[in-house]
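Engineer: Below you'll find the structure I mean.
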Amino acid sequence: MSMANSLEFAKKFLPVLDDIYKYSSITQGMDAGKKVDFTGTNEVNVLKTHTTGLGDYSRTNGYPKGDITANWEILKLTEERGKELSIDRMDNEEMANVFGIITGQFMRDWVVPEVDAFRFAKYASANDISKATGAVLTKDTILAAIDEAVRQMNADEVPLQGRILYINSDLQPLLNHAVARSWGSQSAISTMLTNYNGIPIKYVPPTRFYSEIELNDGSAAWGYKKAASGKNINFMLIYPEAVLQVVKLALPKVFTPDENQDKDMWKFQFRIYHDAFVYENKATGIYLHESTT
């Protein structure tokens with residue numbers, strides 16, 4: 001297979017990688033999409049605006065003067081991660097199937113959990129967010145804790161529409177028992193609560209839900225881990241317009257066994273740029289409820 005064919009082969013799998021990310025990621029629903037403009041490989045152009053409030057109208061001087069500022073700010077994506085995968089030589093048709101299986105497993109097991117964990121930790125450590133710390137939740141207290149988060153956002157005048165409630169999946173049984181239900185004679189029963197007073201609920205595996213994480217560099221360990229000072233997160237209430245998260249999957253490089261100078265193997269190199277930001281004037285659109293541990 002020539003280098004040109006290798007490039008075409010790689011292009012076929014980029015949509016596959018993107019689809020796996022979108023399907024598997026818990027936070028992908030808050031991605032910026034077309035709201036950002038990539039100015040370079042790992043930079044995005046973001047429009048930031050600021051307005052002032054009302055003043056008294058004067059019959060002599062007319063309208064009070066106010067300023068409106070709008071400027072483009074270039075934000076650099078700080079996380080540049082990658083991985084090289086190799087598999088034994090095989091014919092092209094078999095290799096295509098194997099590559100699809102390998103990349104799918106790699107994205108689901110490693111890439112997506114790390115991106116989700118990074119984002120939650122980034123939001124949890126942001127300045128000026130609303131926060132409740134050191135609390136142990138039970139089936140008798142979990143609803144009151146969520147109600148307090150909603151009350152705080154209402155008080156901060158965060159828009160009602162669009163909020164998402166992310167809950168540690170370990171707390172799902174507590175939430176199920178906290179809500180009283182009556183059952184008929186249905187043959188199929190589901191106790192999972194997917195919506196709370198109009199707010200959609202997304203359950204987060206506890207291994208992705210830390211207030212701080214550390215990214216391993218790959219020399220001694222892969223992926224990420226909870227930081228020593230990190231706490232488990234009980235839940236987060238997030239208004240997506242308060243955050244900016246951007247992900248860019250670089251075109252994977254594919255080397256045939258003939259091009260691979262190291263081994264008689266197919267070699268794949270995967271690269272991802274991503275980052276997450278909290279808008280300074282919208283930090284109250286995030287409510288964090290930490291665990292005691």
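Engineer: If we keep just the residues of the stretch 209-257 that are under 17 Å from Glu84 (Cα atoms) and charged (D, E, K, R), which is farthest from the chain's Cα centre (by Cα)?
Structural biologist: So, considering only residues that are under 17 Å from Glu84 (Cα atoms) and charged (D, E, K, R), the one farthest from the chain's Cα centre (by Cα) is Lys253.
Engineer: Take the stretch 56-65 and flag every residue that is at pLDDT 75 or above and in a loop (DSSP other than H, G, I, E, B).
Structural biologist: Asp56, Arg59, Thr60, Asn61, Tyr63, Pro64, Lys65
Engineer: Suppose we filter the stretch 232-253 for residues that are closer than 26 Å to Thr292 by Cβ and surrounded by fewer than 20 Cβ atoms within 10 Å (Cβ to Cβ); how many remain?
Structural biologist: Count: 1.
Engineer: Note down all Cβ pairs under 7 Å where the first residue falls in the stretch 252-270 and is among the charged types (D, E, K, R), the second is assigned to a loop (DSSP other than H, G, I, E, B), and they're at least six residues apart or on different chains.
Structural biologist: That search, which allows pairs on different chains as well, returns Asp264/Arg89; Asp264/Pro257; Lys267/Asn260.
The values are calculated or read from the model by the stated rules, or taken from the named source; none is laboratory data. Owing to the predicted nature of the structure, the values given are computational and were not obtained by experimental measurement. When we count neighbours, we look across all protein chains shown, and the Cβ atoms used for this are built from the backbone with ideal geometry, even at glycine.
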